[in-house]
Each structure stands twice: as structure tokens, then as C-alpha cells.
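What follows is a short report on a single structure.
Each reported figure results from applying straightforward, stated rules to the coordinates on display, with no laboratory input. This structure is a prediction, so every number in the text was calculated from the model and none was measured. Positions of Cβ are backbone-derived with ideal geometry, glycine not excepted, and every protein chain shown enters the neighbour counts.
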Amino acid sequence: MAIRQSGEDYLETIYILSEKSGGVHAVDVANKLNFSKPSITRAMKILKNGGYITVDADNHIKLTESGRAKASGIFERHEVISDFLMKNGVERETALKDACLMEHGISDETFAVFKRLTGRK
């Protein structure tokens, strides 16, 4: 199941938060993305139905295997693109914002070039 850019942003945020603290709740995602709780709740339902996350009895959000794979790939794209932009003179804040936009739309071929140019494998 393909997900939209916003779904990818939610997955990436869950991934980042889970790497930092382990336990992620919808309110954590809402606070990080500065979105309303109702919109996060709706997005979590879509991600759960798509098999990307699970939510336990304590409302902890966990990435499934496919969710973790998708999220880590999105995060890698963000890291590589922002690194490339900063190494080429773009201010950090601008590079991070632009990388967030670019990570969703570039081809695998273009991403491979970004990786090569930043010295990543």
C-alpha cells in the first residue's frame, strides 16, 4: 500500500521519536509536527490499517517491520539530502526544510547520486 507524503512524514516522526525514547504516543507526534490531536488520530488509523504501525493497550505506537523499513528509508533520504545541501553551502535550517520536501519526490536513481556525492553507501 502506497502512502502519501503526509503519511511518510508521520512514519518518519514516529521513527525518530521511537529511536530517542522508545515509547511514542499520538500526542508526541502531534507536538513534534505541530498538528492537532484529531488529525494525528486519523493519520494513525490510516497507518494502522495499512500495516505500518500497531497501537497497544496503553496507546503506545510501534512501527511494524514494514513500517520501520519504510520510515528508516525516508529518514535516510532526509539525512543524505540535507547533508548534501549543507555541504554545498545551504544554511542548515533551509537544508532541513528543503530535504523534507525533496525526500518524497526524488527517484531512487537521483537518491543514489546524492548518496554517492555525500560519500555514503
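Observations on the structure shown:
- The convex hull built on the alpha-carbon positions of the range 23-74 has an orientation-averaged projected area of 3.6 nm².
- Computed from Cα atoms, the angle from the helix 108-117 axis to the main principal axis of the chain rounds to 60 degrees.
- Inter-site label distance for GLU65 and LYS48 at 7 Å from Cα along Cβ, in nm: 2.2 nm
- Rounded Å value of the spacing that divides the Cα centres of the range 1-24 and the range 54-121: 11 Å
- Relative to the longest principal axis of the Cα atoms of the chain, the long axis of helix 92-102 makes an angle of roughly 70 degrees.
- Maximal additional length on extending the THR94-GLU76 stretch stands at 4.7 nm, based on 0.36 nm per residue less the C-alpha distance.
- Fewest-first sequence of GLU65, GLU79 by Cβ atoms within 10 Å of each Cβ: GLU65, GLU79
- Highest GNM mean-square fluctuation among ILE74, ILE46, ILE106, for the chain modelled with Cα contacts below 10 Å: ILE106.
- Note on the range 71-110: the alpha carbon radius of gyration divided by the globular reference 2.2 N^0.38 Å gives 1.06.
- Summing charges over neighbours of VAL80, with a neighbour being any other residue whose Cβ is under 9 Å away from its Cβ, gives -1 when K and R count +1 and D and E count -1.
- Entries of LYS20/LYS97; LYS37/LYS62; LYS48/LYS115; LYS48/LYS121 with Cα pairs more than 26 Å apart: LYS48/LYS115; LYS48/LYS121
- Lys/Arg +1, Asp/Glu -1 at C-beta; the range 51-121 dipole; positive extreme among SER66, HIS104, LEU85: LEU85
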